[in-house]
């Protein structure tokens, strides 16, 4: 199926192929987003904090680790959010193109119907003229 928009032809299979060719950082971002948004990350962090305090390690190092991890998670989250927004915009654009195509089809069908109605109207007018002629000739006879 192809879609015409602004003089370019988009094919669904081309769009799917482009989406499959994503950079390594995007794949990593998707994987880490999936991990950080699961309950496993809560369990792992709880265990790490318990081990950290059980071993009596420095609190400053713990705070540095937590801060760096928070920055990393936030960057990954923003990247994932941006990708979702781009994908939503892309899907919205495709939907608008489909709507415009349907409207053009409807207009084209409407023009065909109008032409048919014009022919029928012309035929009815001609029939009406014939009836009037027949009435006049029948009245004379």
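Read-outs throughout are calculated quantities, based only on the coordinates presented, and are distinct from any laboratory measurement. It should be emphasised that the depicted structure is a prediction, and the values quoted were computed from it without experimental measurement. No Cβ is skipped: glycine too gets one built from the backbone with ideal geometry, and neighbour counts run over all protein chains shown.
Highest mean packing comes first when the peptides 112-123, 89-100 are listed by Cβ atoms within 10 Å, giving 89-100, 112-123. Entry note: segment 29-71 has Rg to Rh equal to 1.04, where both radii use alpha-carbon atoms and Rh is the Kirkwood radius. Dividing the alpha-carbon radius of gyration of segment 86-141 by the rule-of-thumb value 2.2 N^0.38 Å gives 2.37.
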